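Below: one structure, written as structure tokens.
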């Protein structure tokens, strides 16, 4: 016969009461377990997001560890990539007179670097330095010191020209806020003589008509360039 407590509530038999207490204890333990699992998964989820390839730290760490001539980024949101190598792109490097005249004795020059696609010779880019006196170490150091530089007009500033999909994109002074950043430099010698390897970061507005109309955005641009003829006589 069922028994009742002082409040008039039905008392459970001892066996049923013990079973209820056991089930409640088991439920509490399972709840703690699932909470622990969810917390652990959340922890791993955060770590996974932090380590994704697009994260700035890993992105630049990987780039800075490379040494192969390359240029990649996004042009108007579309990714592009040039890398020096067999069946990929061929490199070009050299220098020109800084004033555009034919005078081999003039030490003022601009140095240039570029890559040309082996599959399409019309797909290429060229980066020119500002003009500087190749006999003056102070001018050389000023051009290639670490930090942000102006990306703009040919010979006056760092100048970038890209030919892609039958279009020519180029930097100019119509976008005065354009900058190119030197992240790292390394001088070395190979069979061609002294060279300078430079790691660049570029985000800029480019145009195909030397004007402000029809600008294109270059974003996430990273380049490893190798310049030859950086000093006169070398």
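The values are calculated or read from the model by the stated rules, or taken from the named source; none is laboratory data. None of these values were measured; they are calculated from a predicted model. Neighbour counts are summed over all protein chains in view; Cβ atoms, including those assigned to glycine, are modelled from backbone coordinates with ideal geometry.
Below is a table of values for the structure above.
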| item | result |
| --- | --- |
| Matching residues, region 69-90, being surrounded by fewer than 18 Cβ atoms within 10 Å (Cβ to Cβ), within 19 Å of residue 118 (Cβ to Cβ) and touching a residue at least 60 places away in the same chain (Cβ under 8 Å) | 72, 80 |
| Region 52-85, residues that are more than 20 Å from residue 185 (Cβ to Cβ), in a loop (DSSP other than H, G, I, E, B) and modelled with pLDDT of 85 or more | 76, 77 |
| Count of residues meeting criterion [assigned to a loop (DSSP other than H, G, I, E, B) and either in contact (Cβ under 8 Å) with a residue 40 or more places away in the chain or more than 17 Å from the chain's Cα centre (by Cα) (or both)] in region 140-163 | 7 |
| Answer residue from region 164-175, given it is surrounded by fewer than 20 Cβ atoms within 10 Å (Cβ to Cβ) and under 16 Å from residue 82 (Cβ atoms) and is nearest to the chain's Cα centre (by Cα) among those | 164 |
| Leading residue by the ranking (nearest to the chain's Cα centre (by Cα)) among those in region 188-207 that are in a strand (DSSP E or B) and either at positive phi or loosely packed, with under 12 Cβ neighbours inside 10 Å (or both) | 188 |
